[in-house]
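Have a look at the structure below, then the notes.
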Amino acid sequence: MQRAEIVGLIVDRLENQHRHIETMWDRHPGTNTRYFYVDDLLPEAIVDEAYKAFPRDADGFFSKDSFREKKRISAQLDHYAPILSELTYALQDRAVISKVAELTGMAGLEPDPSLYAGGLSMMFQDDFLNPHIDNSHDAKRDRYRRLNLLYYVSPDWKLENGGNFELWNEERTVPVTIVSKRNRFPVMETNKTSWHSVNKVNVAAPRCCVSNYYFSKVSPDQTKYFHVTSYDGRPDEPVKKIVTAADNVLRQAVSSTLKIGRGKSNVNKDGS
């Protein structure tokens, strides 16, 4: 399927769900982070094609494995079947961005063809992503990160599988859990307090996700700021809370002083 067709399907589905989206975005119970999600975003044939295009062993993916997170990522979309590129960049099309901007009330949103921190993600049994707030900027630090857009394609994904998306209250005590259900499209704002995570995967099956970010020249609170991706431990991980706090301070100091950041080598050089 051509990108333009996918764009049309996404825009139509978002418009069809606009009341649901606006209500969820405005209320966002249980978390200070505004978000919405839409189920059945695309026809099953497209979802199935996208899932089959992910390599079962994450061949060519970059492994991130630390006390902060354990997952595999890739922004090199030309290594895989065209559907993954078409789907990823359909979500960056101006028509989709305009519709999302309309539904969220966010102006000045821009895509990131380089896929800095975006692209493809795979998680396997025991993989996880600790509570964190995203890096405040794009790779060049020209624009502020505003929205995180996720699209899940793994079949038969259930709550008990783990690997589910979590949005936390500001104190990081209780999360809102959003199952990483096939054909589900969550969108969340990113700012200084948008703590989110993925709980540990419990099953021997790959959790496959297409990830995008939207940026803008203006920050979420109209002030200038910069922070690295900052992590926390879960409520039952007191030692990790101490370790991540020290780690955040160190990485912030290094990045602010040397103007370097994680993940720049993983961007999509083609950006198309």
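Which number in (1) within 24 Å of D78 (Cα to Cα); (2) touching a helix residue (DSSP H, G or I) at 6+ places or on another chain (Cβ under 9 Å) marks the one condition that W25 misses?
(1)
Of the conditions (1) surrounded by fewer than 17 Cβ atoms within 10 Å (Cβ to Cβ); (2) under 19 Å from the mean Cα position of the chain (by Cα); (3) not β-branched (V, I, T), N202 clears all except one; give me its number.
(2)
Please specify each residue of the stretch 136-151 satisfying the condition of being part of a loop (DSSP other than H, G, I, E, B) and in contact (Cβ under 8 Å) with a residue 60 or more places away in the chain.
Filtering the stretch 136-151 down to residues part of a loop (DSSP other than H, G, I, E, B) leaves 136, 138-143.
If the condition is that a residue be part of a loop (DSSP other than H, G, I, E, B) and in contact (Cβ under 8 Å) with a residue 60 or more places away in the chain, then S136, D138, A139, R141, D142, R143 are the ones that fit.
Do any residues in the stretch 96-122 that are under 28 Å from Y51 (Cβ atoms) and of a type in the set (K, R) have Cβ atoms under 7 Å from those of residues that are in a helix (DSSP H, G or I) and at pLDDT below 95, where the two are at least six apart or on different chains, and which pairs are they?
none
Check C208 against each of (1) within 17 Å of D39 (Cα to Cα); (2) part of a loop (DSSP other than H, G, I, E, B) and name the one condition it does not meet.
(2)
Any residue that is in a strand (DSSP E or B), in contact with a helix residue (DSSP H, G or I) (Cβ under 7 Å, 6 or more places away or on another chain) and within 27 Å of S255 (Cα to Cα) - is there at least one of those in the stretch 213-224?
Keep residues of the stretch 213-224 that are in a strand (DSSP E or B), which gives 213-216.
From the residues that got through so far, the ones that are in contact with a helix residue (DSSP H, G or I) (Cβ under 7 Å, 6 or more places away or on another chain) too are 214.
Now narrow it down to the ones that are within 27 Å of S255 (Cα to Cα): 214.
Yes, the stretch 213-224 contains a residue that is in a strand (DSSP E or B), in contact with a helix residue (DSSP H, G or I) (Cβ under 7 Å, 6 or more places away or on another chain) and within 27 Å of S255 (Cα to Cα).
What's the total number of residues in the stretch 238-255 that are out of contact with any Asp or Glu (no Cβ under 9 Å at 6 or more places or on another chain), surrounded by 11 or more Cβ atoms within 10 Å (Cβ to Cβ) and not hydrophobic (A, V, I, L, M, F, W, C)?
The total comes to 4.
Can you name the condition, by its number, that G30 falls short on among (1) at pLDDT 95 or above; (2) loosely packed, with under 15 Cβ neighbours inside 10 Å; (3) not aliphatic (A, V, I, L, M)?
The single condition G30 does not satisfy is (1).
Residues being exposed (fewer than 15 other Cβ atoms within 10 Å of the Cβ) and either touching a Leu at 6+ places or on another chain (Cβ under 6 Å) or of a type outside the set (S, T, N, Q) (or both): count how many of those fall in the stretch 44-63. Give the derivation first.
As a first pass, look at the stretch 44-63 and keep what is exposed (fewer than 15 other Cβ atoms within 10 Å of the Cβ): 44-45, 52, 56-57, 59-60, 63.
Right, trim to either touching a Leu at 6+ places or on another chain (Cβ under 6 Å) or of a type outside the set (S, T, N, Q) (or both) and you get 44-45, 52, 56-57, 59-60.
So the answer is 7.
If I ask for residues that are out of contact with any Lys or Arg (no Cβ under 9 Å at 6 or more places or on another chain), touching a residue at least 40 places away in the same chain (Cβ under 8 Å) and within 19 Å of I178 (Cα to Cα), which ones from the stretch 4-33 would you list?
Passing the criteria: I21, E22, P29, G30, T31, N32, T33.
Tell me, yes or no, whether the stretch 134-156 has at least one residue that is under 16 Å from S180 (Cβ atoms), within 12 Å of the chain's Cα centre (by Cα) and small (G, A, S). First the steps, then the outcome.
Just the residues of the stretch 134-156 that are under 16 Å from S180 (Cβ atoms), to begin with: 148-156.
With the extra rule that they be within 12 Å of the chain's Cα centre (by Cα), the set shrinks to 148-152.
Applying the additional criterion that residues be small (G, A, S) yields none.
Looking for residues that are under 16 Å from S180 (Cβ atoms), within 12 Å of the chain's Cα centre (by Cα) and small (G, A, S), one finds none in the stretch 134-156, hence no.
Look through the stretch 244-271, keep the residues that are of a type in the set (V, I, T) and closer than 15 Å to Y116 by Cβ, and return whichever of them is modelled with the highest pLDDT.
Here is the first cut: in the stretch 244-271, the ones of a type in the set (V, I, T) are 244, 249, 254, 257, 260, 267.
Cutting the leftovers down to closer than 15 Å to Y116 by Cβ gives us 260, 267.
On the way: I260: 59, V267: 55.
In this case the residue turns out to be I260.
Could you list, in sequence order, the residues of the stretch 86-112 that are surrounded by 19 or more Cβ atoms within 10 Å (Cβ to Cβ), small (G, A, S) and closer than 26 Å to R141 by Cβ?
None - no residue of the stretch 86-112 is surrounded by 19 or more Cβ atoms within 10 Å (Cβ to Cβ), small (G, A, S) and closer than 26 Å to R141 by Cβ, so the list stays empty.
Check K192 against each of (1) under 14 Å from the mean Cα position of the chain (by Cα); (2) under 20 Å from T229 (Cα atoms) and name the one condition it does not meet.
Here K192 meets the rest and fails (1).
Scan the stretch 40-58 for residues that are modelled with pLDDT of 95 or more and not aliphatic (A, V, I, L, M) and jot them down.
D40, P43, E44, D48, E49, Y51, K52, F54, P55
Does any residue of the stretch 71-92 turn out to be in contact with a Leu (Cβ under 8 Å, 6 or more places away or on another chain), at pLDDT 95 or above and closer than 26 Å to A246 by Cα?
yes
Within the stretch 64-81, restricting attention to residues that are free of Cβ contacts under 8 Å to residues at least 12 places away in the same chain and not small (G, A, S), which residue is surrounded by the fewest Cβ atoms within 10 Å (Cβ to Cβ)? Even if it seems obvious, please write down each step before you answer.
Taking the stretch 64-81 as the starting set, the residues that turn out to be free of Cβ contacts under 8 Å to residues at least 12 places away in the same chain are 64-66.
Checking which are not small (G, A, S) leaves us with 64-65.
On the way: K64: 17, D65: 10.
My answer is D65.
The values are calculated or read from the model by the stated rules, or taken from the named source; none is laboratory data. Everything numeric in this text was worked out from a predicted model, so none of it was measured. Cβ: placed from backbone, ideal geometry, glycine included. Neighbour counts: every protein chain shown.
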